[in-house]
Amino acid sequence: MSVDLATVRRIAHLARISVSEAEAPYLQSEINAILSFVEELSAVDVEGVEPMTSVLPMRMKKRADEITDGFIPEKVLANAPAREDGFFVVPKVIE
Amino acid sequence: MTDLTRLTLAEARDKLAAREISAVELNQCFVDAIARATSLNAFIVETPEKALAQARASDEKIAKGEARPLEGIPLGIKDLYATEGVQTTAASHILEGFIPPYESAVTANLWRDGATMLGKLNLDEFAMGSSNETSYFGPVVSPWRRKAADGRISDAKIVPGGSSGGSAAAVAARLCLGATATDTGGSIRQPAAFTGTVGIKPTYGRCSRWGVVAFASSLDQAGPIAKTVRDAAILLRSMAGHDPRDTTSVDVPVPDYEQAVDASIRGKVIGIPREYRLDGLSEEIVALWEQGIAWLREAGAEIRDISLPHTRHALPAYYIVAPAEASSNLARYDGVRYGLRRTGKDIADLYEKTRAEGFGKEVRRRIMIGTYVLSAGYYDAYYLRAQKIRTLIKRDFDLAYASGVDAILTPATPSPAFALGEKGSADPVEMYLNDVFTVTVNMAGLPGLVVPGGLSADGLPLGLQLIGRPFEEETLFSLGQALERAAPAILLPESWWH
Amino acid sequence: MNTQAPPSKLIAGATGDWEVVIGLEIHAQVTSKSKLFSGASTEFGGAPNSHVSLVDAAMPGMLPVINAECVAQAIRTGLGLKAQINLRSVFDRKNYFYPDLPQGYQISQYKDPIVGEGVVLVDLSPTEQISVGVERLHLEQDAGKSLHDLGANDSHVDLNRSGVALMEIVSRPDMRSGEEARAYVTKLRTILRYLGTCDGNMEQGSLRADVNVSVRRLGESLGTRCEIKNVNSIRFIGQAIDVEARRQIGILEDGGKIAQETRLYDPAKGETRSMRSKEEAHDYRYFPDPDLLPLEFEQAYVDELASHLPELPDEKKARFVAQYGLSPYDAGVLVLERASADYFEEAAKGRDAKLVANWVINELFGRLNKEGRNIETSPVSAVQIGGIVDLIASNVISGKLAKDLFEIVWTEGGDPAQIVETRGMRQVTDSTAIEKAVDEIIAANPDKVAQALAKPTMLGWFVGQVMKGTGGKANPQAVNEILKSKLGI
Ligand SMILES: [Mg+2]
Ligand SMILES: [Zn+2]
C-alpha cells in the first residue's frame, strides 16, 4: 500500500500537524518507504492468532474509590502558555 | 589526587563507605568533568548545585552511619524522566521550558536511595531515533573515535547511538557514575553497544513508567546504563519496584541483583537463534558472536541452537506498533496546558502550527505513520495484524524457554557506531535497521542486557546481547559478568573533548 | 427490533402518515467519590481546575489507574438492566483534538464494552408497556468544560470534569414517539437512582441524552438519522423529537433528502439546528489503550454484587400489587422513586394498605408537587401519615376532618392523635348527641320539614345543618340515618 499526496494532507490534518506544500512530497516518499518496509507483514499467516494486549500474563489492578489527588490548581496551571482566573485560555472555539 | 571519575560506581560506593573520599569531593569531580565536556553535548541541563547539595546531605548521612544503597553516587538522568523543578523536555522544542511539578517514580527511587543528580541528559527527541541526531538541542557526540588502519585517530564525530545517546556518552566519557535510560526498541542497548558501556532493559513492568514521558506505552521500559555489569545491577535494584500508579508495573519483589553478578553460570543453557544470522551480516559481528559463544561455553554454559522463526517480522511490526502508540501519546502536546504554543487564527490552526514547529522531522514522520496505520480502513491491516505478529514473536521465545533455554545470546547491533549524518538522511528505514537485534525483546516484553565484547576493525566498541526469561534479570547479570570477565578491556581513547 | 408503531403514534404529514424511529445514547455520570482513572474528586462545581490531578491534566508521563468502584457501579447497572455482563472488556482510546480533552483522546470502550445487551420495560399507561432494548453500556471518561462567554476572543478551559466516570447506555431504535422516549429516560433514571449508580441530576449534567431521530413510511426500512446532542431535560427530549421529526417530514415531503448530521435543540426557539463544528469527518482511530490491561473479573464477583442489589422498580411494583392489593397504577406511582416506595411501606405497616396508598398518592404527593418538594423533605413523615390513617380507620375522625388534620400536621407538625384530642376534633358517633342536634334543627325549621316530606332530596340540607351544628364532628352516616327516621322518609 502507498499513500498519495491527498492522503498525506488528510493524515496531517488528523494529526494536527501543518505540512507545507514543499514538505508534502518528501513526507509522502518517506511514508511510502516505511509502508513498503512493513509490507511483508501482509504475507504472514496470522489466522487464529490473538492480538497481543499485554506482554505479561497479569490482571489489571484497580484502586479504591478515594479522593487522593486534586486541589493543586497551581501545579496544574503552572506551565500554561495562557491562563486567567484559574482557567486555561485558548482562542475562542466556535460551537 | 586520583581521578575519581575513573572509579566504577561500586568502587566509589565502597570508598565512600570507607570514608576514603567524601561525596562532595566525588560529585565536584564530576561537576568539573561535565563543565569541560560541553563539546559532547551530552547534557541538556546541568544541575551542579543540586548534585553538591545532595552530596553534602549524603556526607552527613555517611557520618551518622546511615548510608543508603546509592549514598552520594552522582548520576545523569535522561531528559525523558520528569524531575520536579528541573526542566524536562524529552529533547523536544514542544516541551522547552516545561518544569514538572512532580518527580518520576524511578528517579524518586534513586533519590530515596541517596543518589545525586548531575543534570538532564540529551536524547533523541521523544526517544525516537538510533543515533541521537534528532534532539532539538543538537546531536550528542560519542567520546569514541574511529581508528584508521595506520593507527591514526580520525576526528570525524561518531554517534553514541540512540535514543539514550546522552546517557551512554556521559557514562563512557566518565561524566557520571551511571545514568538512567529508557528502551522502546533498543534505546538502552544499542547506545550501550556503541559506547562500550553496559545497559539493561529489564522485563516490561519491572520499573514504573510513571513520570517517564511516554513514547510507545506497551514497549517503553526504564533501565540503567553503567560502566560495568555490577554497576548496572546496583542501579537496577534501586530503579525497579512495584508502583501502584502504573497499572502495567508488576508486584514482584526486587532481588538483590548485585549478588547475582558473582553467581556461577555453570550448566546454564544458552540459546543461539539461527534467525539472527542475517544475510549480509558483517564478518566482524559474526566473529564477535562466535567469541561470545566461546566465552560462555568456557565458563561452563551449555550452548544450544534454537529457532525464533518470526524474528524477521519484528522490526516491521515494531514500526507499526510504536508509531501508532506514539501518535496517540503525543496528542497531549497541543499548546494548551504546557509547552510551546504558536498562535493561529483559530484553535485548529494553533494546534497545527504548534505541533508542526514543536516536533522535529522524525517525530512528525512517526506521528504521521502512526496516525495512518490507525485510521479508518487500515487498522486491521496494520495495527491489529502487527499485534498478532507480536503474539507470534512472544510465542517463539516462550517455546525456546519452555525447552529449557535459560538465556539467548545475540549480537547487539548489526554494525559499530557510525559518523554523524552518515545514515538515514535519504531513507528513514536505513536508520531503523539499527534496532534489528534489539527490537524483538521489546515486542516480547523480555529483559535484555548488552555488554561490550570487543572493538571493531575501526576501533569502535561492539556489544553482545543477552536475552532472558521474564523477571530473570539475575541470570542475565551472572552471564553478563562472565562475558565481561572474559572480554578484553575496552579502552576509551584519551580524552579529546576537554 | 423493528416493531411498528400503532396508528396512534404516527405523525400525519401532507402526503400521508409517518413513523418516527428513536434511539437514545444516555451519558450517566457514575456515582463515585473519585474519577475513573485518577484520585481527584468528582464533586460538582468547585474553583476552576481544583478537582484536577496531574493525570486529568495529561501531564507528560502520567498514567491512568482504574477506580474499582466505577467498575462495580457499571456492573450493578448492567444487572439492573438485565443485561449481559462481560467478564473481560477492553479500554480503547478515542483520538480527537479539543481544548477540553487534555490527553488528545478519550479513554472509552469500543469493541468490548463491560455490559452487553439488556432491556428496559417502560410503562406508558396502566395498560400499555413497551420494551426498549439496550444495545450496550460502556465506561468512559468525561471531558472538561470549555466556557465560551468569559472573554470576547477566547475560550476558558476548566478540567474539573475531565476524567469523571460516565456510563454510556445505548438503546436500540425501539421508541416511536417523543412520549415513549421521555418515558424510557424516566424509567432508566428511576432504575439508576434505585441502584445508586447515578444520581440522575439532569441540571448538573449527571444525565445527558443524545437523541437519534429518523422518520419513515410504515413498513419501510430505517431512514437517515440525525443525532441531537446533549439534550438536558426530559421535557426537552420530547420536544426536540417532535420538532426534529416534523422538520425531517417537511424535507422529505418536499422531495428533499435528510443529511446525516449532528444537531442541537434550542428550547427557546423550539427548533433544532445543525452543529457545523461537529460536521468535520471524524476518524477516531480507536485502539486498545496500551496503558491499561484488559478489565477482567470473575463471575463470582458479579454474583456478589448481584446479591446486594436492591429490589428494583419492576419487582417492587409487582410485589406491591400482590402483597398490598394495590392497583398496578397506584403501585407504579409509588415505586417511581425508591424513597416514595419506602415511605409507603413504612406507613402501610399493619394498616389498610389501600387507604394508606390513597393518602400517600392523593394527599401527600399532591401537596408535595404543589410545593415543589420531594419525599425526602416531606414535612409529614410516614409515621404521621400512618397516624392519620389510623384515626380514619377507627372512626375517630371523618375523611373531611382528616384533611384538616393533614393540613395541621403539614404546617405545624405533631402527633395526629394528640392533635385530635387537644383540638377536640374527635368525630361524634354518640347517637344521643346527634339526636339532640337533629331535634333542634327540626324544631327550628318547620317549613323545611314540610318541604322535605314533599321532596326527599331536601335531606341534604338537613345533613349540612347538623354537621354545622356539631362543628363537622358528627359521623355523617349516623346523621343521615337519624334524620331519615325522625323525618319519616
Ligand atoms: Mg456516543
Ligand atoms: Zn460517550
Next item on the list: Go through the residues of region C:146-159 one by one and say whether even a single one is modelled with pLDDT of 95 or more, within 16 Å of ligand 1 (Cβ to nearest atom) and either within 24 Å of the chain's Cα centre (by Cα) or within 14 Å of another protein chain (Cβ to nearest Cβ) (or both).
Entry: no
Check: over 24 Å from C:Q323 (Cβ atoms), without any contact (Cβ under 8 Å) to a residue 60 or more places away in the chain and in a helix (DSSP H, G or I): does that describe C:I408?
Finding: yes
Item checked: Subset of region C:106-118 (residues that are away from ligand 2 (no atom under 13 Å from the Cβ) and open to solvent by less than 30 Å² (accessible area, probe 1.4 Å)) -> C:I114, C:V115, C:G116, C:G118
Check: From the set of residues in region C:199-220 that are away from ligand 1 (no atom under 16 Å from the Cβ) and polar (S, T, N, Q), which is farthest from C:V21 (Cα to Cα)?
Finding: C:Q204
Margin query: Of the conditions (1) more than 7 Å from chain B (Cβ to nearest Cβ); (2) under 30 Å from B:T343 (Cα atoms); (3) open to solvent by 40 Å² or more (accessible area, probe 1.4 Å), A:D45 satisfies every one except a single condition; which number is it?
Written below: (2)
Notebook entry, point to check: Of the conditions (1) more than 14 Å from every other protein chain (Cβ to nearest Cβ); (2) open to solvent by 20 Å² or more (accessible area, probe 1.4 Å); (3) farther than 29 Å from C:V335 by Cβ; (4) more than 16 Å from ligand 2 (Cβ to nearest atom), C:Y265 fails just one. Which one is it?
Noted result: (1)
Next item on the list: Run down C:E69, C:E25, C:E43 and say which single residue is open to solvent by 10 Å² or more (accessible area, probe 1.4 Å), in the same structural domain as C:Q141 (by TED's automatic domain parsing) and part of a helix (DSSP H, G or I).
Entry: C:E69
Next item on the list: Confirm whether C:Y105 is within 16 Å of ligand 1 (Cβ to nearest atom), within 10 Å of another protein chain (Cβ to nearest Cβ) and among the hydroxyl-bearing types (S, T, Y).
Entry: yes
Check: Is region C:162-175 home to any residue that is outside any loop (DSSP other than H, G, I, E, B), within 14 Å of chain A (Cβ to nearest Cβ) and either at pLDDT 95 or above or within 16 Å of ligand 2 (Cβ to nearest atom) (or both)?
Finding: yes
Notebook entry, point to check: Does C:Y301 satisfy being within 14 Å of chain B (Cβ to nearest Cβ), at pLDDT 95 or above and open to solvent by 30 Å² or more (accessible area, probe 1.4 Å)?
Noted result: no
Next item on the list: Among what's in region C:28-40 and is more than 15 Å from A:I72 (Cα to Cα) and in a loop (DSSP other than H, G, I, E, B), pick the residue that is farthest from ligand 2 (Cβ to nearest atom).
Entry: C:K33
Notebook entry, point to check: Quick one: is B:T228 open to solvent by less than 50 Å² (accessible area, probe 1.4 Å) and free of Cβ contacts under 8 Å to residues at least 24 places away in the same chain?
Noted result: no
Item checked: Selection from region B:93-112 of residues that are part of a loop (DSSP other than H, G, I, E, B) and either surrounded by 19 or more Cβ atoms within 10 Å (Cβ to Cβ) or in contact with an Asp or Glu (Cβ under 6 Å, 6 or more places away or on another chain) (or both) -> B:F98, B:P100, B:Y102, B:E103, B:S104
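Residues checked against (1) outside any helix (DSSP H, G or I); (2) without any contact (Cβ under 8 Å) to a residue 12 or more places away in the chain; (3) not acidic (D, E):
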| residue | (1), (2), (3) |
| --- | --- |
| C:M425 | yes, no, yes |
| C:I441 | no, no, yes |
| C:W461 | no, no, yes |
| C:Q477 | no, yes, yes |
Checklist line | Residue list for region B:244-264, restricted to those being open to solvent by 10 Å² or more (accessible area, probe 1.4 Å) and within 14 Å of chain C (Cβ to nearest Cβ) | finding: B:P244, B:R245, B:V250, B:D251
Next item on the list: Would you mind listing the helices (runs of 4 or more DSSP H) fully within region C:353-393 where at least 1 residues are at negative phi and crowded, with 21+ Cβ neighbours inside 10 Å?
Entry: C:353-358, C:382-393
Next item on the list: Go through C:V185, C:V215, C:V164 for me and flag whichever is of a type in the set (A, V, I, L, M, F, W, C), within 17 Å of the chain's Cα centre (by Cα) and crowded, with 22+ Cβ neighbours inside 10 Å.
Entry: C:V185
Checklist line | Members of region B:8-34 that are open to solvent by 20 Å² or more (accessible area, probe 1.4 Å), in contact (Cβ under 8 Å) with a residue 40 or more places away in the chain and farther than 11 Å from B:D59 by Cα | finding: B:T8, B:R13, B:V31
Notebook entry, point to check: Tell me, which strands (runs of 3 or more DSSP E) lie completely within region B:385-498 with 2 or more residues that are of a type in the set (D, E)?
Noted result: none
Margin query: Return the pair list, or none, for Cβ contacts closer than 6 Å from residues in region B:344-361 that are more than 17 Å from A:V89 (Cβ to Cβ) and more than 8 Å from chain A (Cβ to nearest Cβ) to residues that are part of a helix (DSSP H, G or I) and among the acidic types (D, E), at least 6 apart or on different chains.
Written below: B:G360/B:E125
Note to self: Within region C:72-105, take every residue that is part of a strand (DSSP E or B) and more than 16 Å from ligand 2 (Cβ to nearest atom) and give me the one that is most open to solvent (accessible area, probe 1.4 Å).
What the structure shows: C:R88
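The values are calculated or read from the model by the stated rules, or taken from the named source; none is laboratory data. Since the structure is predicted, the reported quantities are computational estimates derived from the model, not experimental observations. So basically every Cβ, Gly included, is an ideal-geometry build from the backbone, and we count neighbours across all protein chains shown. Note: areas computed on protein heavy atoms with side chains; ligands, DNA, RNA excluded. Shrake-Rupley method; radii C 1.70, N 1.55, O 1.52, S 1.80 Å.
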